[in-house]
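Before any comments, here is the structure.
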Amino acid sequence: VQLQASGGGLVQAGGSLRLSCAASGLDFNIYDMGWFRQAPGKQRELVASITTGGGPNYGDSVMARFTISRDDAKMTVYLQMDSLKFEDTAVYYCNTADNGVPSTYWGQGTQVTVSS
């Protein structure tokens with residue numbers, strides 16, 4: 001299983017980024033997928049997930065600012081991040097997220113840094 005996240009970078013507060021995660025080696029269509037993030041000194045947290053049917057769920061801290069989507073044909077999940085805040089700074093990872101629980105396969109993640 002490989003989960004390759006990309007699209008991170010340095011952005012000013014209020015700006016936007018779009019993350020992508022290309023999956024391989026798994027039956028992508030049958031899994032809920034999620035975006036997780038880990039800030040320095042903090043535990044990894046689930047910020048958004050999307051069901052196999054396309055239904056999104058968001059953590060309170062990103063509600064109305066982030067949008068998760070998926071393209072099953074491309075085996076890719078996306079995270080559109082708008083109105084970014086300093087506290088969104090973290091390494092972002094994607095993973096399966098059935099019942100919100102990730103698999104043990106973690107990719108390298110992509111760094112998002114928001115300057116205040």
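The values are calculated or read from the model by the stated rules, or taken from the named source; none is laboratory data. None of these values were measured; they are calculated from a predicted model. Positions of Cβ are backbone-derived with ideal geometry, glycine not excepted, and every protein chain shown enters the neighbour counts. The protein model used for the area step is the full one, side chains on, heavy atoms only, and it has no ligands, DNA or RNA in it. Shrake-Rupley method; radii C 1.70, N 1.55, O 1.52, S 1.80 Å.
In table form, for the structure just shown:
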| quantity | calculated |
| --- | --- |
| Qualifying position, being buried (at least 20 other Cβ atoms within 10 Å of the Cβ) and either hydroxyl-bearing (Ser, Thr, Tyr) or modelled with pLDDT under 95 (or both), among 6, 49 | 49 |
| Selection within the stretch 52-101 - under 14 Å from the mean Cα position of the chain (by Cα), at pLDDT below 95 and loosely packed, with under 13 Cβ neighbours inside 10 Å | 100, 101 |
| Every pair of residues 6+ apart whose Cβ atoms lie under 6 Å, when the first sits in the stretch 18-39 and is on the phi > 0 side of the Ramachandran plot while the second is small (Gly, Ala, Ser) and outside any strand (DSSP E or B) | none |
| Criterion violated by residue 106 - all others in (1) of a type in the set (Phe, Trp, Tyr); (2) open to solvent by 50 Å² or more (accessible area, probe 1.4 Å); (3) at pLDDT 95 or above satisfied | (3) |
